[in-house]
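All remarks here apply to the structure that follows.
The values are calculated or read from the model by the stated rules, or taken from the named source; none is laboratory data. This one's a predicted model, so the numbers in the text were calculated from it and none came from an experiment. Cβ: placed from backbone, ideal geometry, glycine included. Neighbour counts: every protein chain shown. All accessible areas refer to the heavy atoms of the entire protein, side chains included, with ligands and DNA or RNA removed. Shrake-Rupley method; radii C 1.70, N 1.55, O 1.52, S 1.80 Å.
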Amino acid sequence: MVKSQVDEAATAIASAPRRAIIERLAQGEASMSDLAGHLGVTLPAVDKHLRVLVAAGVVTKAKSGRTTSVRLVPGSLDELATWAMSTRLMWGNALDRLEEHLS
């Protein structure tokens with residue numbers, strides 16, 4: 001089964017630590033050490049979360065010497081946001097029709 005961009009993005013944000021990483025990176029690039037300190041976890045734990053985010057195309061990593069910088073990929077969550085909005089509208093309309101029918 002081939003995962004879509006929506007599936008990959010949903011998997012990426014399914015974890016609170018990964019959402020915290022995304023929120024931190026929305027403020028700008030950070031090193032893995034910065035992210036570990038922000039989350040209060042070890043570097044291997046950050047790396048584990050970053051592997052999921054990189055695979056989903058949400059972040060990129062670049063190594064310079066001993067420092068690995070992490071950056072958010074602009075627009076990487078757009079397809080998920082579009083899907084969520086369309087689903088929200090669909091359910092909103094369905095619930096409006098149900099309310100109308102019950103009245």
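Restricting L25, L43, L39, L50 to those that are without any contact (Cβ under 8 Å) to a residue 40 or more places away in the chain and closer than 26 Å to S4 by Cβ reduces the list to L50. Selection of segment 1-22 for residues being over 9 Å from the mean Cα position of the chain (by Cα) and either β-branched (V, I, T) or exposed (fewer than 13 other Cβ atoms within 10 Å of the Cβ) (or both) yields M1, V2, K3, S4, V6, A16. Taking the criterion of being farther than 15 Å from L80 by Cβ and not in a helix (DSSP H, G or I), the residues of segment 1-25 that qualify are M1, V2. On the given criteria, is S76 touching a Lys or Arg at 6+ places or on another chain (Cβ under 9 Å), open to solvent by less than 60 Å² (accessible area, probe 1.4 Å) and of a type in the set (S, T, Y)? Considered against the rule, which asks whether it is touching a Lys or Arg at 6+ places or on another chain (Cβ under 9 Å), open to solvent by less than 60 Å² (accessible area, probe 1.4 Å) and of a type in the set (S, T, Y), S76 comes out as no.
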